[in-house]
1. Where nothing but the Cβ of Lys and Arg (+1) and of Asp and Glu (-1) is charged, how large is the charge dipole of the chain around its Cα centre, in debye to the nearest 20?
2. Quick one: order H78, H48 by neighbouring beta-carbon count within 10 Å, fewest to most.
3. Explain nothing, just the number: relative contact order of the chain, from Cα pairs under 8 Å at least 6 residues apart, as a whole percent.
4. Hydropathy at least 1.0 by Kyte-Doolittle, axial extent at least 30 angstrom from the Cα trace: which helices of the chain, defined as entire DSSP H runs, fit?
5. Run through the stretch 74-122 and list the chymotrypsin sites (Phe, Trp or Tyr not before Pro) located in a DSSP loop whose Cβ has at most 15 other Cβ atoms within 10 Å.
6. Got a sec? Charge dipole of the stretch 20-119, +1 on Cβ for Lys and Arg, -1 for Asp and Glu; which of A46, P93, I35 is way out at the positive end?
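Any read-out appearing in this document is the output of simple, stated calculations on the displayed coordinates, not a laboratory observation. Given the structure is predicted, the values throughout are model-derived calculations rather than measurements. Positions of Cβ are backbone-derived with ideal geometry, glycine not excepted, and every protein chain shown enters the neighbour counts.
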Amino acid sequence: MAQIEKIGSKRVVVGAHYGLRDWLAQRATAAIMAIYTIILLGWFFAAHDFSYEGWASIFSVQWMKLATFVTMLAVFYHAWVGIRDIWMDYIKPVGLRLVLQVLTIVWLLGCAGYAAQILWRV
């Protein structure tokens, strides 16, 4: 039998292989944010007191604090996936990319800490 000739080289795919996991994470965090937005809009339109006290009373309920914090974590993870992909796609020097990623992580963790501080002060 004749041997089959292979034409061209075998393609080696390289990269971080985050594709499907990140796509699912972006959709899941977006769904969390959408559900929270609907809850918040419903609560807002049902409210009769449009003052600081009325707004603060929304977040004085423990489950709303928890829902808000979970949504904030979803926002931060959503932002991390998007910004990390931007750094990986457009910043080619590895050292600079690493510095930008570390600064992004520090910034997002600081935002999460600040969000928790604000929520549990109310």
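1. Working: 10 positive and 6 negative charges, 113 e Å.
With Lys and Arg at +1 and Asp and Glu at -1, about 540 debye.
2. Numbers: H78 18, H48 5.
Listed from fewest to most nearby Cβ atoms, that is H48, H78.
3. Numbers: 49 pairs, mean separation 35.7, N = 122.
Once divided by the residue count of the chain, the mean separation gives 29 percent.
4. Numbers: long enough: 19-46 (41 Å, 1.08); 62-90 (42 Å, 0.58); 94-119 (37 Å, 1.72).
Length and hydropathy pass: 19-46, 94-119.
5. Details: sites: F76, Y77, W80, W87, Y90, W107, Y114, W120; in loops: W120.
Here the chymotrypsin sites (Phe, Trp or Tyr not before Pro) that fit, given the DSSP loop and packing criteria, are W120.
6. P93
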